[in-house]
Structure formats: structure tokens, C-alpha cells
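To start, the structure under review is shown below, and the notes come after it.
The values are calculated or read from the model by the stated rules, or taken from the named source; none is laboratory data. Since this is a predicted model, take the numbers as computed values, not measurements. All Cβ positions, even for glycine, are placed from backbone atoms using ideal geometry, and neighbour counts span all protein chains on display. Just so you know, the surface numbers come from the protein's heavy atoms only, side chains and all, with ligands and any DNA or RNA stripped out. Shrake-Rupley method; radii C 1.70, N 1.55, O 1.52, S 1.80 Å.
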Amino acid sequence: MTDRPDTLTGGLAAVFAHPDDESFGCAGALALAHDAGRATRLLVATRGEAGVPEGTEPDEAFGELRERELVCAAREIGLDEVTILEGYADGGVADAPFSRLVDDIARWLASRQPDAVITFGSHGITGHPDHITIGSATRWAVERLAETGVAPNAVYVVSPVFGPVPNRFNLSPEEQGASHRIDVTAVAARKVRALECHASQADTLEQITALRAAMEAGQPVHEGFTRVRPAVQVPHPAFDQRL
């Protein structure tokens, strides 16, 4: 699946493994970029067909459902383009030829030429092999494009160290040490609605509940990122505020 306005270049792009990764990781940053007039794009490696309820077998219909959920979330966020790669199985991204994945990502980035890219860090937040592989392939793709002079100016990895939900993951140093703390309070309701679009995924409920509680209490909502290309010294406690 792809839905692309041909005239857009530049802006902010995100590259992830599954539908809903974008809503958890950077829906707020993408929404702010959209509202600021920047092009916003998302590339997803799989349709998420393996994210079925426990005891249920993956099937084509479930992949179609998750694709519709992704389109719903993209509209809430304000994305200009969503692309799902062909030929990669949910849960099997790490089993595909790595060079082919790098080629596919590099081709997509080269044709859009975003100013900056968001992806997963070296632990993929949860340790999911698909997350780890897509993050690594994205960074390899960017380095390849740098040789031709069309690489994004910056690459960020999601650093989920802020927000109302306690961090329970064994994060890598780059994921733990955020260089950017983005205040997404103004678009937090859109982040909630994007998460709600992924209704087939039970793990969205905790995040939705916590975000709603923070909003009702008048608390600020942040998303965290670490800039890994070009690398910067983590500036705790003075964070950069814009990607």
C-alpha cells in the first residue's frame, strides 16, 4: 500500500516495523511537524498480520484490518503519506535478506528526501527482532544515501523515557539517553485518537488510559528522541525542543 502526493519532498519521515509503532513512538512529533507545514511521511515494513489476539492464527483478513487501522491513525496524526513495504512478514523481518531491506528503505528515502527520519534504536525499545532489524536497516540506508549526497540531515531514535506510562523496558544507552524532549501536549488528543485507531491491539489501552489521565490533570505530555546522526552529546537536563 502506498498513498503519496507526488509534489512533496523534505519534511519529517518515520520508518517502523508495524502499524501502531508510529502512534506509540512519535505521533505527537509527526502531528506537530504537520501543523508547522512540514511534509510528514511513514514507511512501515509489515502489515502487522501477526498481532492477533492470543490463541488466534494470523490470516490475510487480519492484515487488512491492521492496514485500515493504520490509515485511520495516519489521518488523525495528519500524515501526508503512508507506505507499507511488500514482501515482509510480521515477525519475519529479521529473516528477510538484510540487503534487500536496506535497498527498499534507501529507495523510499531517496525519492522523498526527508530532512529528518525517526526510527527504532538498537534495542527496538521492546527487543522485538522486527524493531531491531528495521532500525538497523534504516541507519544503513541513510549511510548509503550519504555517499550520494541525498541522505536526511538527521536521524533520531525513539527514546520512551518520558510520558505518563512507566518505562519497563531494557533500553539501550541511546534509547535511554534522550537528547530531545518534545512537548506534544497541544496534540496529545490526536495521539490518543491515533492509538484508539489501533483497536485490535490490546497493549494500546494502558497508554491511552495514562495519556487521558495526564490530560485531565493538566499535565504536560512529552515524547523523547535521541539524535544518532549526526550524533550529539546527551544534554541532560537541557533538552533540545525541536526535531
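The set of residues from region 202-223 being of a type in the set (S, T, N, Q) and open to solvent by less than 80 Å² (accessible area, probe 1.4 Å) comprises T204, Q207. Taking first residues from region 42-70 that are farther than 16 Å from D21 by Cβ and partners that are part of a helix (DSSP H, G or I) and of a type outside the set (K, R), the Cβ contacts under 6 Å between residues at least 6 apart in sequence or on separate chains come to V52/F62. What do you reckon, is A61 farther than 30 Å from G37 by Cβ and modelled with pLDDT under 95? Yes: the conditions hold for A61.
Note on region 109-186: enclosed strands (runs of 3 or more DSSP E) holding 3 or more residues that are over 14 Å from F16 (Cβ atoms) are 180-183. Exactly one residue out of R227, R242 is part of a loop (DSSP other than H, G, I, E, B), open to solvent by 20 Å² or more (accessible area, probe 1.4 Å), within 28 Å of R139 (Cα to Cα) and touching a residue at least 24 places away in the same chain (Cβ under 8 Å): that is R242. Among strands (runs of 3 or more DSSP E) entirely within region 1-103, having at least 3 residues that are of a type in the set (D, E) singles out no element at all. Kindly indicate which of A137, A188, A178, A194 is modelled with pLDDT of 95 or more, over 24 Å from E49 (Cα atoms) and of a type outside the set (S, T, N, Q). Exactly one of A137, A188, A178, A194 is modelled with pLDDT of 95 or more, over 24 Å from E49 (Cα atoms) and of a type outside the set (S, T, N, Q), namely A188.
Kindly evaluate R190 against the criterion of being in a strand (DSSP E or B), touching a residue at least 40 places away in the same chain (Cβ under 8 Å) and open to solvent by 10 Å² or more (accessible area, probe 1.4 Å). Judged against the criteria, R190 is not a match. Might you check whether a residue that is touching a helix residue (DSSP H, G or I) at 6+ places or on another chain (Cβ under 8 Å), surrounded by 15 or more Cβ atoms within 10 Å (Cβ to Cβ) and not hydrophobic (A, V, I, L, M, F, W, C) occurs anywhere in region 165-183? No: zero hits. Hey, among the residues in region 136-164 that are over 26 Å from L211 (Cα atoms) and of a type in the set (G, A, S), which one's most open to solvent (accessible area, probe 1.4 Å)? Ranking the qualifying residues of region 136-164, first place goes to G149. Just one of the listed residues (A106, A36, A50, A61) is over 24 Å from H198 (Cα atoms) and surrounded by fewer than 20 Cβ atoms within 10 Å (Cβ to Cβ), and it is A36.
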